[in-house]
1. So in the stretch 116-140, with the set limited to residues that are touching a residue at least 60 places away in the same chain (Cβ under 8 Å) and in contact with a Lys or Arg (Cβ under 8 Å, 6 or more places away or on another chain), which one is surrounded by the fewest Cβ atoms within 10 Å (Cβ to Cβ)?
2. Tally up the residues in the stretch 267-308 that are farther than 23 Å from residue 129 by Cβ and either part of a loop (DSSP other than H, G, I, E, B) or of a type in the set (Gly, Ala, Ser) (or both), please.
3. Just a yes or no: is a residue in the stretch 292-311 over 19 Å from the mean Cα position of the chain (by Cα), at pLDDT below 95, of a type in the set (A, V, I, L, M) and farther than 23 Å from residue 188 by Cα?
4. Suppose we keep only residues that are part of a loop (DSSP other than H, G, I, E, B) and of a type in the set (A, V, I, L, M, F, W, C) within the stretch 149-199. Which one would you say is surrounded by the most Cβ atoms within 10 Å (Cβ to Cβ)?
5. Which condition number in (1) in contact (Cβ under 8 Å) with a residue 60 or more places away in the chain; (2) exposed (fewer than 14 other Cβ atoms within 10 Å of the Cβ); (3) under 19 Å from residue 301 (Cα atoms) is the one that residue 85 fails?
6. When the stretch 91-130 is examined, which residues are found to be closer than 19 Å to residue 253 by Cβ and either part of a strand (DSSP E or B) or among the hydrophobic types (A, V, I, L, M, F, W, C) (or both)?
7. Name the pairs whose Cβ atoms lie under 9 Å apart, with the first residue in the stretch 174-201 and in contact (Cβ under 8 Å) with a residue 40 or more places away in the chain, the second surrounded by fewer than 17 Cβ atoms within 10 Å (Cβ to Cβ) and of a type in the set (Asp, Glu), and 6 or more positions between them or separate chains?
8. Out of everything in the stretch 19-42 that is farther than 18 Å from residue 108 by Cβ and hydroxyl-bearing (Ser, Thr, Tyr), what residue ends up being nearest to the chain's Cα centre (by Cα)?
Amino acid sequence: MTTALAVPGRWTADDIPDQTGRTVVVTGANSGLGYITARELARHGAYVILTARNADKGRSALDRLRAELPESAVELRALDLADLESVHVFADALDTPVDVLVNNAGIMMPPRALTKQGFESQFGTNHLGHFALTGLLLERLRAGSDPRVVTVSSTLHKNGAIHFDDLDGSRSYTPRGFYAQSKYANVLFGLELDRRLRANAVPVRSVLAHPGYSATNLQSSGPTGLLKAILKVTNRLVAQDMETGALNQLYAAAAPNAQGGQFIGPDGRNEAKGHPTLVRPAESATDPETARRLWDLSEQLTGVRYDFAVRPTSPPTAADPTPTASR
């Protein structure tokens, strides 16, 4: 992982290079940061696959994007990251190379609930769903051009820990604590994915990003009661707009200088606002042993095992016996 701490200049969406010929998948693209990410990459020529779990909201977002960018190449596909069956269906139906996967979708601080497979909803949606999706699309990514996986976390990952003995929150649950756990898991996953890709010489970049404190629908769609009321006020008084917040994941997805293992976040005080720069994850989130433990558990829970096997660079000939794949 790089130790550099600056991105040259005040990078904006106008700095996105031409994306013509690139295929991008953006999860949770029907609103908020995901919609802006999909729109800006489409504006610069990418073929963008928007995903949404709610069909009506997805169609509304697609219509809106096409109205804004009539010449854009976009489509909508159903994907519910809280349901591993939906993840498999989506991945199985995707039959083209993928150049960029933006793991953007998420839920934030809801009352305790379980996914279809029985996982705590935030851990199941924000981490396990994206872990499974990335693994299932790895072959599509390997076939891409300068392929990247962008995983969107949060500054709250710094308050997180993996509750290995209480992953579903059945013993003790707080909305904020389990949101922090899911965002901490995102960082562990993104960095461990980078380590494994590099170790196996797989030419895919795993880049992390976070939006700082950006006013999105997450603050109103998940929290309830007093927490929802507080976030409504801070959204108005403290948060930056979504357009600026999305710049961090756009940089990770499209900037030529973005490298695997980097974490992109705002350059302002406490990483709350500003333009993209390189930021440091919580020190504990860089621990390879914790990451390996989470990885092994995630494979067990999702049933998705990553294939990092070395691929032959050319078809074998009579004088070149068929190589044996290795891990």
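The values are calculated or read from the model by the stated rules, or taken from the named source; none is laboratory data. This structure is a prediction, so every number in the text was calculated from the model and none was measured. Every residue, glycine as well, gets a Cβ built from its backbone with ideal geometry; the counts of neighbours run over all protein chains shown.
1. Of everything passing the filter in the stretch 116-140, 135 is surrounded by the fewest Cβ atoms within 10 Å (Cβ to Cβ).
2. First, the residues of the stretch 267-308 that are farther than 23 Å from residue 129 by Cβ: 267-280, 283-284, 286-289.
Pick out the ones that are also either part of a loop (DSSP other than H, G, I, E, B) or of a type in the set (Gly, Ala, Ser) (or both) and you get 267-268, 272-275, 279-280, 284, 287.
Looking only at that region, the number is 10.
3. yes
4. 162
5. (1)
6. Within the stretch 91-130, 94, 98, 100, 101, 102, 103, 105 qualify.
7. Pairs that qualify, where the first residue is in contact (Cβ under 8 Å) with a residue 40 or more places away in the chain and the partner is surrounded by fewer than 17 Cβ atoms within 10 Å (Cβ to Cβ) and of a type in the set (Asp, Glu), are 188/287.
8. Filtering the stretch 19-42 for residues that are farther than 18 Å from residue 108 by Cβ and hydroxyl-bearing (Ser, Thr, Tyr), the one nearest to the chain's Cα centre (by Cα) comes out as 23.
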